[in-house]
Amino acid sequence: MSVSGRIEHFLRQGSRYVLLIPMLLLSGCGSDMPGFMNPQGPIAQAQRHHFWVVIALVMVVVIPVIIQTPLILWRYRYRGHAVYRPKWDMSRWLDIIMWAVPLLIVAILGVYIWRQTHELDPYRSIASDKPPLEIQVVGYDWKWLFIYPDQGIATMGQLVIPADRPIALELTSATVLQSFFIPALGSQIDVMNRMVTKLHLEADHPGRFEGKNMQYNGEGFHHQRFITRAVEDNAFDAFVARTRRQGRPLDQDTYAIIADKGDNRETARALGLDTSDTDAVIRFSQVPEGLFHTIMGGSPIDWSALNVAPPQLGTTRTSVVQTSESDQSSSSESTSAAPESSEPESAESSSPSHERKEAQP
Amino acid sequence: MSDTTSLIFGRLGWDALPFWSMLTDHSWLSIINGVIATGAAGMVVLGALAAVILVTWLGKWRYLWSEWLTSPDHKKIGIMFIVIALVMLARAIVEAVFMRAQQAVGLDSGFLTAEHFGQLFTTHGTIMVFFMAMPFLTGIINYVMPLQIGARDLSFPVLNQVSLGLTAAGAALVMISLVLAPFSIGGWTGYPPFTELARNPGAGVDYWIWAVTLSTLSSTLTGVNFAVTIFKKRAPGMTLMRMPLFTWTALCTAILMIFGMPPLTVATGLLALDRYLDFHMFTTDLGGNMMNYVNLFWAFGHPEVYILILPPFGIFSEVFATFSGKRIYGYKILVIATMCIAVLSFTVWLHHFFTMGQSAHINAAFGIATMLIGIPTGVKVYDWMLTMYRGRIRLSVPMVYAIGFIMLFVLGGMTGIILATPSVDYQVHNSLFLVAHFHNMLIPGLLFGMLSATNFWFPKATGFRLEERWGYRAAFCWIIGFMLAFFPLYVLGMMGMPRRSVAYFEPQYVPWMIVAGIGALAILCALLCLLIQLWVSIRDRHTNNVFAGDPWDGRTLEWSTASPPPEYNFPVIPEVHSLDAFMTEKEGGRAWRVPDHYGDIEMPANSVMGVVIGLTSLAMAFGLVWYMWWLVIAAGVITLAAIVGRGFVRHTHRIISADEVRTTHERWLERLRQTAPIDRSREQSTDNHGRAMPPVEGAVQ
């Protein structure tokens, strides 16, 4: 009796420790945890919800195994005195329960999955009273090019999006298979050469989120990262204006540099830009007409469509302004806009610091 | 390089040596990686040399040749498969430890180059799937299945040799790639267009292609062999529904091998056409499409998952029943569930690429199909629990693995259902969550199954028990090491860490990575314990002798014969009247009876086919990798000649006379009668010589 009592006590203690594990996991999901456990948009929010719903349902089958296996082991141990039925091998009722419970759970899950898969289809546009912002994404070896077709600009290193407005992404790869992913916002989608995939995301509020490539594509794979910066609408307008003003046109020479192997920093260096801040944005003021679809189709790019003489700047590399101290550097951004910044830029970089903390290591 | 040298050596040059880049590039990173690679290559060369010297010193070349390499005996071939698996397991675990060490210090950089890390995860995956898991389970089935169905050998013993030769050649190719580097960095899945010539022109991808091709060919042939054997060579009276569960899972696995392996042979073959003959199957231009590869790969890949997991299901079924001293619960249900899993496994391959942009209908359908597999699997888990229920459970080493399996496997099943939910998969696909999931299925599932089987059937194969103390230590190291190494990866995956990244930039990852690194060390300890266990067991082989053949009070036919079994397995083919045939005999007091008469036994004669095909396929693959066309042609010609020559061999069988069989059997029976039967409490003591006391229902034993 005393032994079994001690064992019972031990088991009770044990179950307490078993409960500790998910609690530890949950505590790991604190405010500084990157990824969808700390969602920053409606898609990731829904995904986190699904995650826990699925776990809760499956636990109905899993928990009995985890609890009962040790109990059976103890009760029917070799030197125990429990009943021994070496020829007992069938029980109709147990069989029915064994099949029915998982069937029921899968049936519920099935209905649930059918609905949620359609609802969260990355191709499905997000309902909103604002029109979606269209962005075209091209994957290169170890960096991404973000083209804003309606604005006629492009960036690398940072994807700047307006907060609280749906983003409609079209994606293709100029090289091998990749997978485009902003964990805090939602789904990832494969990016393939000669093919277009689509993705819809939205950020609830301003902030900085990690973006990455999830599909291994060579030595620079782990450097294929970018910052997603969600900003207020007026800051987004300021960003567009500033890119038009300060960026360099995406001309043939520039494109050749982008298409070379290398990560953001190496591209910036090749473009003659300041590379002290790895997360800095590289701005392109002009993009050839239909660049995305030309890359996707594999046909040669029509460079004549590009007006290579923007009024503000020449096309020489040195003329491209890349001020790391104004809006790219996270440290200066979180305190205040640098003194030489003009009005629109400070608006662009005025996202409150507490939101930035979430995606900022 | 002159024309002559390139004619002889193809594109093989000095730069293939692992220390070459270290000599030209003197950065500390290059030197560290060069030293590691050279050390690994040195291990291969020294290991091979040590083996040659040892055999020469012992004067065992003739014995090795006639008793092992040319033997058509399914038992010896099975053991050789397992030896290959264990050697490759050791290498792949060391690679895993290096990867874990790199990632534990991988915030921003680490000590391995991206290229080196790429080779590590590619070889680790390729070896673990094709040259550890496949040979291991092929070896176990090879050894046990014919004994369980009361057969003398497989249906096609020479084909079995050829299968072994092909697997050995593939494994050797992967080993050679350590010395004449590099191996592929394209991952074990080898997705094009990354693995196309335009992107990866080196020899690495070619090593991967030919190693995998050899392995898949071997497994297809093995599948045919197993299926035919089970259909045609069962002992009289053994109907399908009297087959032991392990044989049932072997049958399902064989069917899956026959249908699941060729898609990968085709996929790697087409990729080879792209790379060698400028085809455009999976390129990005001229009409190629990498999606075709992805579909073909997973048309293999998903059945493969069940090829790997069904045999362990069978093993655990035997282990639970034997060590609970009880019939398996729900035999018919388990058979049905196994078949369900085998069939369903062909209908779910798309869940490996939910993110490739299909419509939501397709994703949802495949997600639901995937969950359907969870039903029979869940039923099996409950059947195993009910097998223990009302039993008399002995916590032997195989049982510890089985318990570890049942508790951890359900967690892996749960994360599998999470991954099968397309909306969530969009978050955790390609992340460490996925890596944690499949290791959670393959380590507690496959590997624990294999180790459980090794501890379970080792006394049958060798005639002595595996030492238990080190067995328990290994088992607990495996269980704890697995939990430490892979549970953190779930969290890392939820934090969005991609798989296959050599370094990362999020400081939040570091503590989890360090825990995972400690887990890898625990697994290394487990490997060490396994080696010590083997050593101690061989040292104590005389005291732990179980010649009588039934050390665990077994239920199925393999325990009714001597340990180790004679070449012909059974002096007289047994007749089967029920499930758990041997248990029924023991209960009825009909076990170990002297048969009325003995007959001559016809056994397959030794053959060099396996060795020849193994060597020529290795030479051909090596020639293809380095563009040594003369070697390819020569190997092809010799292969063809060998196959034609085999057709002229007339002495394919040899006869073992009835007298010889009688003398051997009677001597064994005599010794058996003089052995005291023991009850189960002395199972792990030196009293256990393999004769079990008859069980009594209801008795507290």
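The values are calculated or read from the model by the stated rules, or taken from the named source; none is laboratory data. The structure presented is a predicted model; accordingly, all values stated were derived computationally and were not measured. Cβ coordinates were reconstructed from backbone atoms using ideal geometry, including for glycine residues, and neighbour counts include every protein chain displayed.
Observations, loosely collected:
- Condition met for B:G223 (of a type outside the set (S, T, N, Q) and either within 17 Å of B:F121 (Cα to Cα) or within 14 Å of chain A (Cβ to nearest Cβ) (or both)): no
- Residue within region A:225-246 that is facing another protein chain (nearest Cβ under 10 Å) and either surrounded by fewer than 24 Cβ atoms within 10 Å (Cβ to Cβ) or touching a helix residue (DSSP H, G or I) at 6+ places or on another chain (Cβ under 9 Å) (or both) present: yes
- Failed item in (1) assigned to a helix (DSSP H, G or I); (2) assigned by TED's automatic domain parsing to the domain that holds B:L166, with B:L54 passing the rest: (2)
- Among the residues of region B:352-407, those identified as among the hydrophobic types (A, V, I, L, M, F, W, C), more than 7 Å from chain A (Cβ to nearest Cβ) and within 19 Å of B:F456 (Cβ to Cβ) are B:W384, B:L395, B:V397, B:M399, B:V400, B:A402, B:F405.
- Residue among B:I336, B:I328 that is surrounded by fewer than 23 Cβ atoms within 10 Å (Cβ to Cβ), assigned by TED's automatic domain parsing to the domain that holds B:I307 and not acidic (D, E): B:I336
- The one condition in (1) in the same structural domain as B:C529 (by TED's automatic domain parsing); (2) out of contact with any Gly (no Cβ under 7 Å at 6 or more places or on another chain); (3) in contact (Cβ under 8 Å) with a residue 60 or more places away in the chain that B:L64 fails to fulfil: (3)
- Criterion applied to B:E558, B:E602 was being of a type in the set (D, E, K, R), buried (at least 18 other Cβ atoms within 10 Å of the Cβ) and either assigned by TED's automatic domain parsing to the domain that holds B:V162 or on the phi > 0 side of the Ramachandran plot (or both), and the one residue passing it is B:E558.
- Applying the criterion of being within 24 Å of B:L579 (Cα to Cα) and among the basic types (K, R) to the residues of region A:75-91, the residue that is nearest to the other protein chains (Cβ to nearest Cβ) is A:R85.
- Lone qualifier among B:F346, B:F354, B:F366 - being assigned to a helix (DSSP H, G or I), buried (at least 24 other Cβ atoms within 10 Å of the Cβ) and either aromatic (F, W, Y) or in contact with a Cys (Cβ under 6 Å, 6 or more places away or on another chain) (or both): B:F354
- Given (1) surrounded by fewer than 17 Cβ atoms within 10 Å (Cβ to Cβ); (2) of a type outside the set (D, E, K, R); (3) away from every other protein chain (no Cβ under 14 Å), number of the condition A:I147 does not satisfy: (1)
- Residue in region B:416-425 that is at the interface with chain A (Cβ under 10 Å from one of its Cβ atoms), within 30 Å of B:G471 (Cβ to Cβ) and in contact with a His (Cβ under 7 Å, 6 or more places away or on another chain) present: yes
- The lone exception for B:F136 - which of (1) surrounded by 24 or more Cβ atoms within 10 Å (Cβ to Cβ); (2) within 18 Å of B:I601 (Cα to Cα) it fails: (2)
- Look at (1) farther than 19 Å from B:T249 by Cβ; (2) in contact with a helix residue (DSSP H, G or I) (Cβ under 6 Å, 6 or more places away or on another chain); (3) at pLDDT 95 or above and you find that B:S423 fails only one, number (3).
- Filter result for B:L217 (more than 21 Å from the chain's Cα centre (by Cα) and under 28 Å from B:G610 (Cβ atoms)): no
- Search result, residues across region A:158-214 that are basic (K, R), touching a residue at least 60 places away in the same chain (Cβ under 8 Å) and at the interface with another protein chain (Cβ under 9 Å from one of its Cβ atoms): A:R194, A:K198
- The set of residues in region B:277-290 being in contact with a helix residue (DSSP H, G or I) (Cβ under 7 Å, 6 or more places away or on another chain) and within 10 Å of chain A (Cβ to nearest Cβ) consists of B:T283 alone.
- Qualifying residue in region B:263-285 (condition: in contact (Cβ under 8 Å) with a residue 60 or more places away in the chain, assigned by TED's automatic domain parsing to the domain that holds B:R199, within 27 Å of B:R152 (Cα to Cα) and polar (S, T, N, Q)): no
- Checking each residue in region B:495-515 for being more than 7 Å from every other protein chain (Cβ to nearest Cβ) and free of Cβ contacts under 8 Å to residues at least 60 places away in the same chain picks out B:P511, B:W512, B:V515.
- Apart from one condition, B:P488 fits all of (1) away from every other protein chain (no Cβ under 13 Å); (2) in a helix (DSSP H, G or I); the exception is (1).
- All positions within region A:274-284 that are part of a loop (DSSP other than H, G, I, E, B) and buried (at least 23 other Cβ atoms within 10 Å of the Cβ): A:A280, A:V281
- Residue match in region B:233-243 (condition: away from chain A (no Cβ under 14 Å) and within 27 Å of A:L177 (Cβ to Cβ)): no
- Flag for B:A676 being more than 14 Å from chain A (Cβ to nearest Cβ) and modelled with pLDDT of 95 or more: no
- Sole residue being over 25 Å from A:L73 (Cα atoms) and within 23 Å of the chain's Cα centre (by Cα), chosen from B:L350, B:L296: B:L296
- Taken together, A:L71, A:L103, A:L57, A:L94 contain a single residue that is in a helix (DSSP H, G or I), over 25 Å from B:K332 (Cα atoms), aliphatic (A, V, I, L, M) and in contact with a helix residue (DSSP H, G or I) (Cβ under 7 Å, 6 or more places away or on another chain), which is A:L57.
- Top-ranked residue in region A:106-127 [being in a loop (DSSP other than H, G, I, E, B) and at the interface with chain B (Cβ under 8 Å from one of its Cβ atoms); ranked as farthest from A:L169 (Cα to Cα)]: A:L120
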